[in-house]
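Notes to accompany the following structure.
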Amino acid sequence: MNEKSVHANPIKNRTPRHRAREFALQGLYQWLLNNEDAGAIDAHMRAAHGFDKADAEHFDALLHGAIKDAPALRGGLSPLIDRPIDQLSPVEHAALLIGAYELKHHIEIPYKVVINEAVELTKSFGGIDGHKYVNGVLDKFAAGARPDEVAASRKS
């Protein structure tokens, strides 16, 4: 992650779910770089300052679900990206995994909210234009994962 951290760039009014996504992004970043055990990453994130304000249940779903489903999620993302997935920045990779996981497994969250949250994570932790890339990829992914919801939204 660039030098920013959750603590260095506080955003007011972050919801517990948004905080869960921030911690999940950091955990996935750690997993992508070090291939560390998910349980160790989970324990490290839970001990971090501010975790008590996060939605712990959603954090669990995102971190463990994205790691467990990473091969399938990458399979769905790969045709939508312009380079091999291992050449993505770890922040973009993690944000795409979180977004793809939520699009597939949390249909109660509107697809536009999922995409916006992934974009905001990438803006906070990633490079200059990474959020635009994440937005474009997840928009295409959403069309495949939730065709009826996306079609209905585009009609209105």
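The values are calculated or read from the model by the stated rules, or taken from the named source; none is laboratory data. Keep in mind that what you see is a predicted model, and the values were worked out from it rather than measured. When we count neighbours, we look across all protein chains shown, and the Cβ atoms used for this are built from the backbone with ideal geometry, even at glycine.
Residue selection: residue 57 fails the criterion of being closer than 12 Å to residue 25 by Cβ, in a helix (DSSP H, G or I) and acidic (Asp, Glu). The residue pairs whose first member lies in the range 132-156 and is among the basic types (Lys, Arg), whose second member is surrounded by 13 or more Cβ atoms within 10 Å (Cβ to Cβ), and whose beta carbons are closer than 8 Å, counting only pairs six or more residues apart or on different chains, are 140/80; 146/103; 146/107; 146/111.
For the range 42-52, the count of residues that are basic (Lys, Arg) and within 20 Å of residue 16 (Cβ to Cβ) is at least one. Say whether the condition of being surrounded by fewer than 20 Cβ atoms within 10 Å (Cβ to Cβ), at pLDDT below 95, assigned to a loop (DSSP other than H, G, I, E, B) and β-branched (Val, Ile, Thr) is met by at least one residue in the range 82-90. Checked the range 82-90: no residue is surrounded by fewer than 20 Cβ atoms within 10 Å (Cβ to Cβ), at pLDDT below 95, assigned to a loop (DSSP other than H, G, I, E, B) and β-branched (Val, Ile, Thr). Being in contact with an Asp or Glu (Cβ under 9 Å, 6 or more places away or on another chain) and of a type in the set (Phe, Trp, Tyr), is that true of even one residue in the range 25-33? The answer is yes, given that some residue of the range 25-33 is in contact with an Asp or Glu (Cβ under 9 Å, 6 or more places away or on another chain) and of a type in the set (Phe, Trp, Tyr).
The residues listed here are 72, 118; of these, the one that is surrounded by 18 or more Cβ atoms within 10 Å (Cβ to Cβ), part of a helix (DSSP H, G or I) and of a type in the set (A, V, I, L, M, F, W, C) is 118.
Selection of the range 14-30 for residues being buried (at least 21 other Cβ atoms within 10 Å of the Cβ), over 14 Å from residue 96 (Cα atoms) and not charged (D, E, K, R) yields 20, 23. The C-beta contact set for the range 106-117 (first residue touching a residue at least 24 places away in the same chain (Cβ under 8 Å) and among the hydroxyl-bearing types (Ser, Thr, Tyr), second residue surrounded by 14 or more Cβ atoms within 10 Å (Cβ to Cβ) and assigned to a loop (DSSP other than H, G, I, E, B), distance under 8 angstrom, 6+ apart or interchain) comprises 111/146.
Residue by residue, here is whether (1) modelled with pLDDT under 95; (2) closer than 30 Å to residue 151 by Cβ; (3) under 13 Å from the mean Cα position of the chain (by Cα) holds:
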{"residue": "20", "(1), (2), (3)": "no, yes, yes"}
{"residue": "41", "(1), (2), (3)": "no, no, no"}
{"residue": "56", "(1), (2), (3)": "no, no, no"}
{"residue": "66", "(1), (2), (3)": "no, yes, yes"}
{"residue": "76", "(1), (2), (3)": "no, yes, no"}
{"residue": "79", "(1), (2), (3)": "no, yes, no"}
{"residue": "93", "(1), (2), (3)": "no, yes, yes"}
{"residue": "99", "(1), (2), (3)": "no, yes, yes"}
{"residue": "119", "(1), (2), (3)": "no, yes, yes"}
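Filtering the range 123-156 down to residues that are in a helix (DSSP H, G or I) and among the basic types (Lys, Arg), which residue is farthest from residue 95 (Cα to Cα)?
So the first thing to find is which residues in the range 123-156 are in a helix (DSSP H, G or I), and the list is 123-125, 130-145, 147-155.
If we keep only those that are among the basic types (Lys, Arg) too, we end up with 123, 132, 140, 154-155.
Working: 123: 10, 132: 12, 140: 15, 154: 24, 155: 27 Å.
Only one residue tops the list, namely 155.
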